[in-house]
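The values are calculated or read from the model by the stated rules, or taken from the named source; none is laboratory data. Fair warning: this is a prediction, and the values are worked out from it, not measured in the lab. Neighbour counts run over all protein chains shown; Cβ positions are idealised from the backbone, glycine included. The area values use the complete protein model at the heavy-atom level, side chains included, leaving out ligands, DNA and RNA. Shrake-Rupley method; radii C 1.70, N 1.55, O 1.52, S 1.80 Å.
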There are 4 protein chains.
Amino acid sequence: MSFNTFGHLFRFTTWGESHGPALGVVVDGCPAGLALTEEMIQRDLDRRKPGQSKYTTQRREADAVKILSGVFEDERTDGPRTTGTPISLMIENIDQRSKDYSEIRDKYRPGHADYTYHQKYGLRDYRGGGRSSARETAARVAAGAVARQVVDGVSIRASLVQVGPHKIDYANFDWDEVGKNPFFCADPKAAALWADYLDDVRKQGNSVGAVIEVVAENVPVGWGAPIYGKLSADLASAMMSINAVKAVEIGAGFDAAELTGIDNADQMRAGADTPYFLSNQAGGILGGISNGDPVVVRFAVKPTSSILTPRQTVTTSNEDTDVVTKGRHDPCVGIRAVPVGEAMMACVLADHKLRHRGQTGRDGAIGY
Amino acid sequence: MSFNTFGHLFRFTTWGESHGPALGVVVDGCPAGLALTEEMIQRDLDRRKPGQSKYTTQRREADAVKILSGVFEDERTDGPRTTGTPISLMIENIDQRSKDYSEIRDKYRPGHADYTYHQKYGLRDYRGGGRSSARETAARVAAGAVARQVVDGVSIRASLVQVGPHKIDYANFDWDEVGKNPFFCADPKAAALWADYLDDVRKQGNSVGAVIEVVAENVPVGWGAPIYGKLSADLASAMMSINAVKAVEIGAGFDAAELTGIDNADQMRAGADTPYFLSNQAGGILGGISNGDPVVVRFAVKPTSSILTPRQTVTTSNEDTDVVTKGRHDPCVGIRAVPVGEAMMACVLADHKLRHRGQTGRDGAIGY
Amino acid sequence: MSFNTFGHLFRFTTWGESHGPALGVVVDGCPAGLALTEEMIQRDLDRRKPGQSKYTTQRREADAVKILSGVFEDERTDGPRTTGTPISLMIENIDQRSKDYSEIRDKYRPGHADYTYHQKYGLRDYRGGGRSSARETAARVAAGAVARQVVDGVSIRASLVQVGPHKIDYANFDWDEVGKNPFFCADPKAAALWADYLDDVRKQGNSVGAVIEVVAENVPVGWGAPIYGKLSADLASAMMSINAVKAVEIGAGFDAAELTGIDNADQMRAGADTPYFLSNQAGGILGGISNGDPVVVRFAVKPTSSILTPRQTVTTSNEDTDVVTKGRHDPCVGIRAVPVGEAMMACVLADHKLRHRGQTGRDGAIGY
Amino acid sequence: MSFNTFGHLFRFTTWGESHGPALGVVVDGCPAGLALTEEMIQRDLDRRKPGQSKYTTQRREADAVKILSGVFEDERTDGPRTTGTPISLMIENIDQRSKDYSEIRDKYRPGHADYTYHQKYGLRDYRGGGRSSARETAARVAAGAVARQVVDGVSIRASLVQVGPHKIDYANFDWDEVGKNPFFCADPKAAALWADYLDDVRKQGNSVGAVIEVVAENVPVGWGAPIYGKLSADLASAMMSINAVKAVEIGAGFDAAELTGIDNADQMRAGADTPYFLSNQAGGILGGISNGDPVVVRFAVKPTSSILTPRQTVTTSNEDTDVVTKGRHDPCVGIRAVPVGEAMMACVLADHKLRHRGQTGRDGAIGY
């Protein structure tokens, strides 16, 4: 069952609420013998953590991770190593501002999970959204840092490629730019434009959506398990499970609907050792199995539902009212979804690597 | 694990190759006491079966389903009833044309799973694509017919909404039209246009992609299991697992990226008994849980990769060659994906109904 | 979820009722490239099939298996090979004697699942026990034959070691004897004694229980996944899931309770390449992981509940009555459980082999 | 997959090593609205915790549990309530005595998981057995305390019924005695005898095995999911997964092998509202489904492998040596397995309650 657990052979279970004492993740199935330190995990967490620019929530969280199990160092191992047992990672919540939540306790915020959680469970932890808060994604990023060790050699990177109506120009695309602007954007010109645009949006008490592109390079041919464990299906589930995500596409994605078979099917040529593809409309996946080309996934994040503009809603007693969501919110939650998308890609690939190995005894293709 | 199995409490396992003796599905977890006959299943299968118009493959298959287990009738039940045990459904393959497959035995067809299956498994059943053939979707449709009984009261319908560059006009949308044209299209004007367009495409030895919209109405509030069992995540996985699908979106989907929070978040008003939403950008899902509005999913199907135009490819010995995929293929596989999308929606909802019931003891929301 | 499915990476789903048209199994996750023919599977099925001696039910079933998918032969493979896709196996029911079932339709047979199935599901297929019939174990044996190919090199054998109060003498134990008597008994003297004993039991319209011992040799060190996927835990579940089984033990089993630590812990000595154990109280499993010694499991089968002696019971309307179970029943169902126990051992080991390989990239221990 | 996770709808994942900073459990799928406090969980933990008598290890651990998520209290709930989100429970390790572990770092202790963990994973946390330590069972007991709330109304109790060769006399059986002696023994005379016996065993630097009986009363008819999710199979897996357990039986268990069908099958009589059974050889389970009688499970725990008597073993370099396991160990680990057995029973029943509810929409039988 898949409530708060993701994956099969490499799998993780997250826990924790926005305003509880802590949140965390248990990573199970990680192979033994991999190097793992809190610093490695912290690097990824620091990219996601709030309060790093005026474009993200001003909540102040160090998001300092602790490894509670699954890693061991003795004098014979070269630094701390995974032991093959569950890796428990915990992040304490620090800045749970003791605000008055009575406003949202009795009202459903439009676009939020307030109404559905309440109706499903009969009660809800309304403090900061409780379990439905995007704060849960910190646990995913921690799991993703472990997954990166499992798929060592695979490069996993992401870029914000659209903010509101403004898309990047792929002619400017440069991975090295991603770390140089507060938007994780590979197109420096787009980043500059977005800065002004998001200032306006925020000043209007509004918010805006975004699109993220995640690319995994050096994925071997052969990962993915047809029919219902396709690499594409697992990536779709992974990305759609991220807060506020409403769409996922792979390779040409929705554009594939407009293409003809002549234009869409990636032709092949003989390479020195193995064949190669002349294009990558497939986004690196054919029949649910990786084909050796970069795995390319894009997903859309809806605009933050918590905005300073009054919205029509109802009380928990089914009476008309208005609500203004005060508090510290991201004007564009899509920005911080960039490292989350990378983490989910890493976790899916780690799982499929282990599954492929179990099924075939190999790490990739049969080769020639 | 999710190789050839989909779902948790309501789940099905499919088997069979395009040119083997038969294909089928075992539906496990279906509640006892539901009416189920071969006729009920056949109705859905007949909508998907090939050879019904010139716009789909001319392979002739009756796709006649047999119930092999899980249904029982005695004089005290009002007709055949499910017993709570696995329902095994089998469809024999009839028209496995004994063509010469040597052409594709030694060549990888561009856009197909030939290369990845071969590289993963070391060998492949090349006859008609073997397991990677869209013929597998017949088993899904059979499972979906069972699922419809589980979610009796929920209406699940789909329409083709785009063929190549030609989208429907939602102003013309009428569910009653879907059964009146060979495209399962709710817009009769679009259907007429597509008829001409697809004639051209076929004559050119080409193919084209499509977009399908699936809508489930009367879904109670409360179905869906955060975080990694979100209704949205399971729908994304379900649709992305269908052959040739490259993109999935829910509600506003990718368009949500362009919207502001003011425009995107569906406002609420007090209703007679329960609140209602003033719009449905959410596509019926908030925080991964159904909100009572129609669940709306769209997915994109790439153009058929099997086309009559020669394409560059390589042999299994990594030598350059060309390939022409003869045989009987759909110029637009998206057409027959319409009932498949409905089936997957039905299966996801059936699973979540049972999961919600297990978790809460209720069939839907807490109510007021 | 584990309704009618067993296993994770190597897993199978069974379906079918005692008196339906057929029963079968879908084996998923079997690696590609293994030799597999109907004959290989039939060999194991023939050992389990009914009517082979007067000590088992006289129902006449050929139990002829058909492979419907997952195996492919072309001129380049040396005989039929598994393709990595689901292997669907079907056995048609032939001898569904058209008896009058009205007797047991309205009465619950003591010791049977009649009462619990009816109360759980609200209705039941009463013909021959429906899904609760031991006929389901034919599907397990078929799956086990596939599993044997996966763990090629591991020897899996079983013997009946107790019938009613009569245990074998391990001093007489000889695997070669198992095929020479109708009891699958490795002790020929015990087999002779049981023949007379079971004649008496049957003539009295009675039945009797039994104990089966299953031994797997050449299992590499390292299979098993702590904590909740222990090899021992999975074997316990596997054996306890067989019809009529009420007890499972590994190695010294219940006798371990009487032992002291000095007597129970298997001491080790250095071997030429790897260490070895001086005894095998552990039954080949330490901490849930195989240790290289033979894996030894015993399980107890209760006496057949269907007997010719009248028993007190109630009707489905909760009224006192008596019932005599006529029909063709095994006086000792434990006999035919011997090949079933082997099959379950094979399936558990196949699953753990693949899981170990996925987790470690190796087929067994690290070695020295 | 089932590595460190147990259960399906009610399921928990444990983590932590014997000498790491902490251990814990994430309980997922617990229904919302149940009362839950740290005190409720602590009550069960206190029964298991070490150092409570001279018959258990002298390690001093408060085993104080913290609830980190999944429970919420506001002024409208009557005390803290579960929210339906994951319940994370943590227990910090206090008394990790800084002993010199070099002795067991390089030697495999007979009867322990040292050898198999090392060979499987290539390295191991040798401090106190690391993950293979019975200390993990504290996490199970914590999960079990949550499960008890889920199956409120079901009584779950256990007694030690055998220590070494000394069995209790069921004529003396009194549940009220269980809390009055350090052995959780329902027979006060046996407890007195065991006190002397275990003193002797401990003084000899030896240890001894035990048998525990767990009984669940007021389980409704209908829990259990045939075929591979039988209540009996899940109980077998649950108990066999406990450290040092080598055997599990239900109802008559191994004795059923010696019985005839006349003696074994529990006869039924019509009751006021529902039928009842004249005996309970079945241990409350027929066909894998609860029948309304007490569910009775017994399991055998082998003697503690850590003893003060020198034993033959090998080094990690495959050289002969001897080992004496110093440190603080239970002379009979079976004693502290009593609350663990209760916890696993509670977890299995909680899971099956939810599964039954999901499948049928009812909490138990159809009734009459």
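Check off (1) closer than 22 Å to B:Ser132 by Cα; (2) of a type in the set (A, V, I, L, M, F, W, C); (3) touching a strand residue (DSSP E or B) at 6+ places or on another chain (Cβ under 9 Å) for A:Leu286 and give me the number that stays unchecked.
Every listed condition holds for A:Leu286 apart from (3).
Here's the yes/no breakdown for (1) out of contact with any Phe, Trp or Tyr (no Cβ under 8 Å at 6 or more places or on another chain); (2) among the charged types (D, E, K, R); (3) facing chain D (nearest Cβ under 8 Å):
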residue	(1), (2), (3)
C:Gly283	yes, no, yes
C:Leu308	yes, no, no
C:Ser317	no, no, yes
C:Thr321	yes, no, no
C:Val340	yes, no, no
C:His352	no, no, no
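Tell me which of these B:Glu73 doesn't satisfy, since it passes every other one: (1) closer than 20 Å to B:Leu9 by Cα; (2) open to solvent by 60 Å² or more (accessible area, probe 1.4 Å).
(1)
Can you give me the number of residues within the range D:1-23 that are within 7 Å of another protein chain (Cβ to nearest Cβ) and assigned to a loop (DSSP other than H, G, I, E, B)?
So the count comes out to 9.
Condition (residue is among the acidic types (Asp, Glu), in contact with a helix residue (DSSP H, G or I) (Cβ under 9 Å, 6 or more places away or on another chain) and at pLDDT 95 or above) applied to the range A:221-244: is it met by at least one residue?
yes
Yes or no, residue by residue, for (1) more than 14 Å from chain B (Cβ to nearest Cβ); (2) closer than 21 Å to A:Ile41 by Cα; (3) part of a loop (DSSP other than H, G, I, E, B):
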site	(1), (2), (3)
A:Ser69	yes, yes, yes
A:Arg76	yes, no, yes
A:Thr85	yes, yes, yes
A:Ile104	no, no, no
A:Gly111	no, no, yes
A:Tyr117	no, no, no
A:Leu123	no, no, yes
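Of the numbered conditions (1) in a helix (DSSP H, G or I); (2) away from chain C (no Cβ under 12 Å); (3) of a type in the set (Asp, Glu), D:Asp152 fails exactly one; give the number of that condition.
Among (1) in a helix (DSSP H, G or I); (2) away from chain C (no Cβ under 12 Å); (3) of a type in the set (Asp, Glu), D:Asp152 violates only (1).
Would a scan of the range A:166-175 turn up a residue that is in contact with a His (Cβ under 9 Å, 6 or more places away or on another chain) and at pLDDT 95 or above?
Start the filter on the range A:166-175 by keeping residues that are in contact with a His (Cβ under 9 Å, 6 or more places away or on another chain), which leaves none.
No, the range A:166-175 has no match at all.
Among the residues of the range A:82-99, are any open to solvent by 10 Å² or more (accessible area, probe 1.4 Å), among the hydroxyl-bearing types (Ser, Thr, Tyr) and within 23 Å of the chain's Cα centre (by Cα)?
no
If you take the residues in the range B:157-194 that are open to solvent by less than 20 Å² (accessible area, probe 1.4 Å) and part of a helix (DSSP H, G or I), which one is nearest to B:Ile307 (Cα to Cα)?
Once the filter is applied, the top-ranked residue is B:Trp194.
Please pick out the residue among C:Asp46, C:Asp114, C:Asp78 that is buried (at least 23 other Cβ atoms within 10 Å of the Cβ), out of contact with any Ser or Thr (no Cβ under 7 Å at 6 or more places or on another chain) and over 26 Å from B:Thr13 (Cα atoms).
Numbers: C:Asp46 fails: buried (at least 23 other Cβ atoms within 10 Å of the Cβ); C:Asp78 fails: buried (at least 23 other Cβ atoms within 10 Å of the Cβ).
The unique qualifying residue is C:Asp114.
Hey, among A:Val201, A:Val211, which residue is assigned to a helix (DSSP H, G or I), more than 28 Å from B:Gly7 (Cα to Cα), among the aliphatic types (A, V, I, L, M) and facing chain B (nearest Cβ under 10 Å)? Break it down into steps so the answer makes sense when it comes.
On the way: A:Val211 fails: assigned to a helix (DSSP H, G or I).
On inspection, the qualifying residue turns out to be A:Val201.
Which residues, taken from the range A:285-316, are open to solvent by less than 20 Å² (accessible area, probe 1.4 Å) and over 20 Å from B:Phe254 (Cβ atoms)?
Listed by number, the residues that qualify are A:Leu286, A:Gly288, A:Ile289, A:Ser290, A:Asn291, A:Ser306, A:Ile307, A:Thr313, A:Val314.
Which one is farthest from B:Tyr108 (Cα to Cα), of the residues in the range B:291-331 that are of a type in the set (Asp, Glu) and part of a loop (DSSP other than H, G, I, E, B)?
Start the filter on the range B:291-331 by keeping residues that are of a type in the set (Asp, Glu), which leaves B:293, B:319-320, B:322, B:330.
Still in the list and also part of a loop (DSSP other than H, G, I, E, B): B:293, B:319, B:330.
Working: B:Asp293: 45, B:Glu319: 11, B:Asp330: 19 Å.
Among those residues, the one meeting the criterion is B:Asp293.
Would you tally the residues in the range C:9-23 being surrounded by 24 or more Cβ atoms within 10 Å (Cβ to Cβ) and touching a helix residue (DSSP H, G or I) at 6+ places or on another chain (Cβ under 6 Å)?
Our first condition is that a residue be surrounded by 24 or more Cβ atoms within 10 Å (Cβ to Cβ); within the range C:9-23, this holds for C:9-17, C:20, C:23.
Then keep just the ones that are touching a helix residue (DSSP H, G or I) at 6+ places or on another chain (Cβ under 6 Å); that gives C:9-10, C:12, C:14, C:17, C:23.
Total satisfying the criteria: 6.
I need every pair where a residue in the range D:60-85 that is touching a residue at least 24 places away in the same chain (Cβ under 8 Å) has its Cβ under 7 Å from the Cβ of a residue that is of a type in the set (Phe, Trp, Tyr) and not in a strand (DSSP E or B), sequence separation at least 6 or different chains.
From residues that are touching a residue at least 24 places away in the same chain (Cβ under 8 Å), the pairs are D:Thr83/A:Tyr121; D:Gly84/A:Tyr121.
Name the single residue that is most open to solvent (accessible area, probe 1.4 Å) among those in the range C:246-279 being assigned to a strand (DSSP E or B) and more than 8 Å from every other protein chain (Cβ to nearest Cβ). If you could, list the steps in order and put the result at the bottom.
First, the residues of the range C:246-279 that are assigned to a strand (DSSP E or B): C:246-250, C:260, C:268-269, C:276-277.
Now drop any that are not more than 8 Å from every other protein chain (Cβ to nearest Cβ), which leaves C:276-277.
On the way: C:Tyr276: 108, C:Phe277: 23 Å².
Here the residue is C:Tyr276.
Free of Cβ contacts under 8 Å to residues at least 60 places away in the same chain, part of a loop (DSSP other than H, G, I, E, B), open to solvent by less than 30 Å² (accessible area, probe 1.4 Å) and not basic (Lys, Arg), is that true of D:Ala282? Walk me through how you get there before you give the answer.
Working: free of Cβ contacts under 8 Å to residues at least 60 places away in the same chain: yes; part of a loop (DSSP other than H, G, I, E, B): yes; open to solvent by less than 30 Å² (accessible area, probe 1.4 Å): yes; not basic (Lys, Arg): yes.
Against the criterion (free of Cβ contacts under 8 Å to residues at least 60 places away in the same chain, part of a loop (DSSP other than H, G, I, E, B), open to solvent by less than 30 Å² (accessible area, probe 1.4 Å) and not basic (Lys, Arg)), D:Ala282 qualifies.
Let me confirm something: among C:Ala216, C:Ala233, which residue is of a type in the set (A, V, I, L, M, F, W, C), under 25 Å from the mean Cα position of the chain (by Cα) and in a helix (DSSP H, G or I)?
Working: C:Ala216 fails: in a helix (DSSP H, G or I).
Going through C:Ala216, C:Ala233 in turn, the sole match is C:Ala233.
Okay, residues lined up against (1) more than 27 Å from D:Leu354 (Cα to Cα); (2) basic (Lys, Arg):
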position	(1), (2)
D:Ala32	no, no
D:Leu36	no, no
D:Ile41	no, no
D:Ser53	yes, no
D:Arg60	yes, yes
D:Lys66	no, yes
D:Gly79	no, no
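Taking the stated definitions as given, is B:Tyr121 open to solvent by 20 Å² or more (accessible area, probe 1.4 Å), within 30 Å of C:Gly29 (Cβ to Cβ) and in contact with an Asp or Glu (Cβ under 9 Å, 6 or more places away or on another chain)? Reasoning before the result, please.
Details: open to solvent by 20 Å² or more (accessible area, probe 1.4 Å): yes; within 30 Å of C:Gly29 (Cβ to Cβ): yes; in contact with an Asp or Glu (Cβ under 9 Å, 6 or more places away or on another chain): no.
Spelling it out, it is not the case that B:Tyr121 is open to solvent by 20 Å² or more (accessible area, probe 1.4 Å), within 30 Å of C:Gly29 (Cβ to Cβ) and in contact with an Asp or Glu (Cβ under 9 Å, 6 or more places away or on another chain).
Please verify whether A:Pro226 is touching a strand residue (DSSP E or B) at 6+ places or on another chain (Cβ under 8 Å), more than 29 Å from A:Arg336 (Cβ to Cβ) and more than 8 Å from chain B (Cβ to nearest Cβ), treating the condition exactly as stated.
Working: touching a strand residue (DSSP E or B) at 6+ places or on another chain (Cβ under 8 Å): yes; more than 29 Å from A:Arg336 (Cβ to Cβ): yes; more than 8 Å from chain B (Cβ to nearest Cβ): no.
No, not satisfied.
When residues of the range D:24-43 are filtered for being open to solvent by 10 Å² or more (accessible area, probe 1.4 Å) and more than 10 Å from chain A (Cβ to nearest Cβ), how many remain?
Qualifying residue count for the region: 8.
Find all pairs meeting these conditions: Cβ atoms under 7 angstrom apart; at least six residues apart or on different chains; first residue within the range C:157-174 and closer than 18 Å to C:Met344 by Cα; second residue surrounded by fewer than 14 Cβ atoms within 10 Å (Cβ to Cβ).
From the range C:157-174, the pairs are C:Arg157/C:Trp175.
So which pairs qualify, if the first residue must be in the range A:32-45 and part of a helix (DSSP H, G or I), the second must be of a type in the set (S, T, N, Q), the Cβ gap must be under 8 Å, and the two must be at least 6 apart or on different chains?
A:Met40/A:Gln149
Please count how many residues of the range B:236-245 are more than 7 Å from chain A (Cβ to nearest Cβ), open to solvent by less than 10 Å² (accessible area, probe 1.4 Å) and part of a loop (DSSP other than H, G, I, E, B).
Here the count works out to 1.
Of all residues being crowded, with 24+ Cβ neighbours inside 10 Å and of a type in the set (Lys, Arg) in the range D:125-136, which is farthest from the other protein chains (Cβ to nearest Cβ)? Just the residue, please.
Looking at the filtered set, the residue picked out is D:Arg135.
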